[in-house]
Amino acid sequence: MISSEMMAETEAFVSLAQRQFEQEGNWDMATLEHGLRKALFMDGCKILEGLLNQPGVLGDYVPAGTCHEKRTRKVQCLLGSFELERGYYKTEEGWDFPMDRSLGLIGSYTPGLAKMMCRAAGTDGSFCEAEQTLRIYAGAEVPASQIRAVAQQIGPAIAEWSPTREEARCEKVPTMYISYDGTGVPMRKEETRGRKGKQPDGSAITRELKLGCIFTAHTTDKEGNPLRDTDSTTYIASFDPAEEFTDILLGEARLRGLGKADRCAVLGDGARWIWKKAGTHFPRAVQILDYYHAREHLSDLAEALFPDQAERDSRIKKWVGWLDKDQVLRIVKDAESRLPRSGKRRKKGKLEIEYLRTNAKRMMYATFKKQDYFIGSGVVEAGCKTVVGKRTKQSGMFWKVEGAQNILDIRTAVIGDTYNSYWEYRHRKAKLDMAA
């Protein structure tokens, strides 16, 4: 039962607002909204405190053993803070506070607030921005350090849950796409010590993060170009080596319905590890090298063979025409006949020619377009910027591998639309654990 005492703050504010209106003859709507929200939140905390501190609040979840004297804990929720009194029990594992487990508390934070904290941590540009977001939009005063601490606890839990989750987007689809790429994440010195990098002295300031994405396509537009299904993209981000990463990506593809798809395709750039793992992990997939990477290599090849800009531009135009007609090997033959006899330009030209020859089957763009395949890896490349870059590459950021991994596990869950499902699972699991 809600008593008038529990609503004292709201009643006091309403009375004050009414008096001010009578004196001034108009409403200050902004002040009215913010003041009423604050008063309601304060009274909401009183209501929660009354509900959660009443006798028998544990219901059927009373553990065996002796309940020791109550301990008070300040709990922060979406409405503010309240005092929680709960008993504790001594077990073989240590002191147990069943009320904390029943409520699903994460430290001193309720699940509702912790969920909002982690979402802000994963979607905003920094923990400090997340602190401001919570203050402005939710009226919650949580320091950045605490947002970081909770996120570092929830990130690994999401990573453990995700491969076993129930996935609704696993129905039979015409085409499934698997795409992956690598990008650097700036690291603290201890995380790059002894690693080779691109700095002038040969050292590294980043660690490679591999990003994979799964998405599906059912239809094409009026021009016959394939359309990515809305909300079908999920992401995997990992600092693991290629073998372990591709195992995780394969698990995600299976979870998304790889076995039900009529066909699948792997999209990527020319990195050898991508195609090596694609052949092993996705043997029935069509391999498609990103069209724009192919165009870049044609430009690099022309630069090596033709010092004159006009001749270079003319040759690139001709090669692109051949590329668009599945005639990559014709480009190779033409380029080989024009190689310089010696020097750096010959060496560079041979490397580019070998690249084209090796990936020729992955550059059958006319065929791929007729079969309604995507020919660009823009989804994962954009993901390297939006999923990874916007959160981990802000000015002055340097990460530990574990910290970056945890925040990216949260971020990919939010962007991939699995975040809410995790919190629903967490709630169900807590109820089952209490009943056990």
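The values are calculated or read from the model by the stated rules, or taken from the named source; none is laboratory data. Bear in mind that the values here come from a model prediction, so they are computed numbers and not experimental data. Reconstructed Cβ throughout: ideal geometry from the backbone, glycine too, with neighbour counts over all protein chains shown. We work out accessible area using only protein heavy atoms, side chains counted, and drop any ligands, DNA or RNA first. Shrake-Rupley method; radii C 1.70, N 1.55, O 1.52, S 1.80 Å.
Output the residues belonging to the stretch 128-142 that are without any contact (Cβ under 8 Å) to a residue 24 or more places away in the chain and part of a helix (DSSP H, G or I).
Listed by number, the residues that qualify are C128, E129, A130, E131, Q132, T133, L134, R135, I136, Y137.
Which of (1) under 30 Å from R207 (Cβ atoms); (2) without any contact (Cβ under 8 Å) to a residue 40 or more places away in the chain; (3) surrounded by 16 or more Cβ atoms within 10 Å (Cβ to Cβ) does A413 not meet, given it meets every other one?
(2)
Any residue at all in the stretch 222-237 that's among the polar types (S, T, N, Q), closer than 30 Å to A120 by Cβ, open to solvent by less than 40 Å² (accessible area, probe 1.4 Å) and not in a strand (DSSP E or B)?
Yes, the stretch 222-237 has at least one match.
Taking into account only those residues within the stretch 323-339 that are part of a helix (DSSP H, G or I) and without any contact (Cβ under 8 Å) to a residue 12 or more places away in the chain, which is farthest from the chain's Cα centre (by Cα)?
This residue is K333.
With a cut-off of at least 1 residues that are modelled with pLDDT under 90 and either open to solvent by less than 60 Å² (accessible area, probe 1.4 Å) or of a type in the set (K, R) (or both), name the helices (runs of 4 or more DSSP H) lying wholly within the stretch 2-118.
Result: 98-103.
Among the candidates Q146, Q199, which residue alone is more than 20 Å from K390 (Cα to Cα), of a type outside the set (V, I, T) and at pLDDT below 95?
Answer to the selection: Q199.
Among (1) exposed (fewer than 15 other Cβ atoms within 10 Å of the Cβ); (2) at pLDDT below 95; (3) part of a helix (DSSP H, G or I), which single condition is E171 missing?
Status for E171: all satisfied but (3).
Here's a check for you: in the stretch 279-305, which residue that is in contact (Cβ under 8 Å) with a residue 60 or more places away in the chain and not in a strand (DSSP E or B) is most open to solvent (accessible area, probe 1.4 Å)?
The qualifying residue most open to solvent (accessible area, probe 1.4 Å) is Y292.
Of the residues that sit in the stretch 224-246 and are within 18 Å of the chain's Cα centre (by Cα) and of a type in the set (D, E), which one is nearest to G416 (Cα to Cα)?
The selected residue is D231.
So if I check each of P226, P174, P156, P163, which one is within 19 Å of K400 (Cβ to Cβ) and in contact (Cβ under 8 Å) with a residue 40 or more places away in the chain?
P156
Quick one: in the stretch 243-255, which of the residues that are of a type in the set (A, V, I, L, M) and under 22 Å from T386 (Cα atoms) is surrounded by the fewest Cβ atoms within 10 Å (Cβ to Cβ)?
I248
Suppose we filter the stretch 192-210 for residues that are on the phi < 0 side of the Ramachandran plot, open to solvent by less than 40 Å² (accessible area, probe 1.4 Å) and not in a strand (DSSP E or B); how many remain?
Residues flagged as on the phi < 0 side of the Ramachandran plot, open to solvent by less than 40 Å² (accessible area, probe 1.4 Å) and not in a strand (DSSP E or B) within the stretch 192-210 amount to 3.
Can K429 be described as of a type outside the set (A, V, I, L, M, F, W, C) and without any contact (Cβ under 8 Å) to a residue 24 or more places away in the chain?
When the stated conditions are applied, K429 passes them.
When the stretch 256-275 is examined, which residues are found to be in contact (Cβ under 8 Å) with a residue 24 or more places away in the chain and open to solvent by 40 Å² or more (accessible area, probe 1.4 Å)?
K260, D262, R263, W273
The rows are residues; the columns are (1) over 30 Å from A265 (Cβ atoms); (2) within 19 Å of the chain's Cα centre (by Cα); (3) among the β-branched types (V, I, T).
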site: F127; (1), (2), (3): yes, yes, no
site: Y137; (1), (2), (3): yes, no, no
site: S145; (1), (2), (3): yes, no, no
site: V150; (1), (2), (3): yes, yes, yes
site: P156; (1), (2), (3): yes, yes, no
site: R169; (1), (2), (3): no, yes, no
